[in-house]
Amino acid sequence: MDVVVTGLGATTPLGGDVPSTWAAMVAGVSGVRVIEEDWNVPVKIAAR
């Protein structure tokens, strides 16, 4: 079976692409935030 990697992609709490996600990780940025909206879940923080 052949596998072809055509690129990298990421959509994370730190960014919408690989470069911005990597830059935020290297800078020590956290994607976790306090949830202000009512999500009807029993948590108060999340990495959306």
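The values are calculated or read from the model by the stated rules, or taken from the named source; none is laboratory data. If you're wondering where the values come from, they're calculated on a predicted model, not measured in any experiment. Every residue, glycine as well, gets a Cβ built from its backbone with ideal geometry; the counts of neighbours run over all protein chains shown. All accessible areas refer to the heavy atoms of the entire protein, side chains included, with ligands and DNA or RNA removed. Shrake-Rupley method; radii C 1.70, N 1.55, O 1.52, S 1.80 Å.
Some values worked out for this structure:
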{"read-out": "Å² of accessible area per residue within the chain, as computed with a 1.4 Å probe and no ligands counted", "value": "88"}
{"read-out": "Point-charge dipole on Cβ atoms (K/R +1, D/E -1) for the chain, about Cα centre, debye to 20", "value": "160"}
{"read-out": "Carbon and sulfur %, accessible surface of the chain computed with the full protein complex present, 1.4 Å", "value": "60"}
